[in-house]
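Beneath this line is the structure, given in structure tokens, with notes to follow.
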Amino acid sequence: MARSFGKYWRYRDLVRNLVTANLKVRYQGAALGFMWSLGNPVAMILLYYFVFTHVFRSDMPNYILYLIIGVLHYNLFAQTASQSCDSLTGAAGLLQKIYFPRILIPTANLIFNLVLWVVAILILIVIFPLIGGVYHWSLLLYPLVLFLYIAFLWGIALTFSIVNVEFRDLKHLVDIAIMALFWFTPVGYELSTLSPESQWLISLNPLTSFMEIFHSLLYLGEPPSMKIIILAILWTMGSLILGMTLFLRKAALLVENL
């Protein structure tokens with residue numbers, strides 16, 4: 001593993017250039033530039049805040065804090081999953097011209113989304129105490145859980161990017177699934193408010209364990225249960241094993257399939 005990491009580390013300048021190029025292309029000519037990265041999460045937060053406070057009224061205290069935590073972390077998944085689908089096909093010209101570890105393309109895509117996402121998280125940190133957040137020692141666990149979540153997303157990015165090379169309809173299916181999956185993820189509601197049958201169904205969603213952990217740390221101010229942590233670790237391991245296995249098996253024929 002150390003040798004593999006060393007090999008990839010030699011291409012760090014390439015990864016940085018890929019991320020920088022994506023940023024320039026996406027916001028070139030836009031009046032607000034990089035700030036448009038906040039557009040999607042802010043719009044989602046306002047929309048669902050209106051729905052759950054005026055249509056399906058929620059009596060949760062500091063509900064806006066609960067909602068922002070869920071939306072921001074779900075949005076990182078949604079952006080990564082959607083954009084990773086065509087990360088390899090979109091870089092076909094580069095892949096066919098020069099050789100470098102192919103795994104760096106979906107990895108750079110994930111880093112690109114993380115760069116945009118960090119802006120929203122920094123704003124959350126600033127307004128955290130203003131919307132009901134309380135600083136607690138359990139917040140020290142958040143970086144560890146976030147690292148686990150990013151590793152889970154990396155496995156998703158590897159899987160979707162390599163499968164989409166052979167199955168080009170995948171991105172359209174993923175975009176539809178992302179919209180539907182939002183309602184099957186405890187982003188704007190507590191799992192305990194559902195019926196036992198619904199709780200069992202929602203618990204099959206791998207994102208559920210991560211959302212429960214994030215809400216426990218950032219909203220409730222207490223460490224999550226060991227059961228949820230173990231479940232999140234298992235989902236992460238499964239995601240990484242699947243992504244790495246598929247990618248390594250199909251990477252040799254990647255250029256031909258593009």
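Any chance the stretch 212-220 includes a residue that's of a type in the set (F, W, Y), out of contact with any Lys or Arg (no Cβ under 7 Å at 6 or more places or on another chain) and either over 24 Å from G132 (Cα atoms) or outside any helix (DSSP H, G or I) (or both)? No, the stretch 212-220 contains no residue that is of a type in the set (F, W, Y), out of contact with any Lys or Arg (no Cβ under 7 Å at 6 or more places or on another chain) and either over 24 Å from G132 (Cα atoms) or outside any helix (DSSP H, G or I) (or both).
Looking at the stretch 2-20 only, could you name the residues that are open to solvent by less than 100 Å² (accessible area, probe 1.4 Å) and at pLDDT 75 or above? Before you say what the answer is, go through the steps one by one.
So in the stretch 2-20, the residues open to solvent by less than 100 Å² (accessible area, probe 1.4 Å) come out as 2, 4, 6-8, 11, 13-15, 17-20.
Result: D13, L14, V15, N17, L18, V19, T20.
Filtered by the rule that a residue be polar (S, T, N, Q), within 18 Å of the chain's Cα centre (by Cα) and in a loop (DSSP other than H, G, I, E, B), the stretch 158-203 gives a lone residue, T185. When the helices (runs of 4 or more DSSP H) confined to the stretch 53-126 are screened for residues that are farther than 25 Å from M244 by Cβ and over 12 Å from the mean Cα position of the chain (by Cα), those reaching at least 2 such residues are found at 63-85, 92-97.
The residues on offer are I178, I127, I121, and the sole one that is of a type in the set (V, I, T) and either crowded, with 19+ Cβ neighbours inside 10 Å or in contact (Cβ under 8 Å) with a residue 60 or more places away in the chain (or both) is I178.
Among the candidates W183, W154, which residue alone is surrounded by fewer than 18 Cβ atoms within 10 Å (Cβ to Cβ) and of a type in the set (F, W, Y)?
On the way: W154 fails: surrounded by fewer than 18 Cβ atoms within 10 Å (Cβ to Cβ).
Just one listed residue meets the conditions, W183.
The values are calculated or read from the model by the stated rules, or taken from the named source; none is laboratory data. What you see is a predicted model; the values in this text were computed from it and never measured. All Cβ positions, glycine included, derive from the backbone under ideal geometry; neighbour counts span all protein chains shown. To get the accessible areas, we keep the full protein, side chains included, count just its heavy atoms, and leave off ligands, DNA and RNA. Shrake-Rupley method; radii C 1.70, N 1.55, O 1.52, S 1.80 Å.
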